[in-house]
Amino acid sequence: MDINNYVGAKIKDFRESRDWTQDQLAKKLNTSRQTISRYESNTRKISPDTLFELSLIFDTTIDSFFPTRTKVIIPNQLNENKANLLAAHLNKEFTDDDMAKILDYIDMIKRSKK
């Protein structure tokens, strides 16, 4: 995964989720529409300072611009066939956000059984 592509896509997602144009975001960031376009298309690398400013503009954390790092842990009580069935469903169609939700759900089930 190219991290710069991911960051650019997240900027675009945050912008579009607010129904802002590139020009509107550029004005909030005190830059040009072309710069926003370059960030989103990964033709310009974004600085940490600019990411910080964007996190304030979008009212989010800097971490939300980056993919989550998760490890899939198969519970010990699953036999190999059930583990293989579960793993077969975890393919490239799942986004990092999907995987985080799946892992949260598994954690919730584990906690409810304690």
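Each value in this text was obtained by applying a stated rule to the coordinates, not by laboratory testing. All values reported here derive from a predicted model rather than from experimental measurement. Every residue, glycine among them, receives a Cβ derived from its backbone with ideal geometry; neighbour counts consider all protein chains shown.
Summary table
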read-out: Net charge of Cβ neighbours under 15 Å - reference R33; Lys, Arg +1; Asp, Glu -1; value: +3
read-out: Stretchable slack from L90 to D2, in nm (0.36 nm times residue separation minus alpha-carbon distance); value: 29.6 nm
read-out: Reach of K28 by Cα under 15 Å, taken over aspartates and glutamates that are not fewer than 8 positions away in the same chain; value: E16, D19, D49, E53, D59
read-out: FRET E, pair E16, K45, Förster distance 30 Å, beta-carbon r, rounded to 0.05; value: 0.90
read-out: Calculated FRET efficiency for the pair K113/T60, C-beta based, R₀ 22 Å, to 0.05; value: 0.10
read-out: Cα→Cβ-extended label distance, 7 Å offset, between A100 and K27, nm; value: 3.1 nm
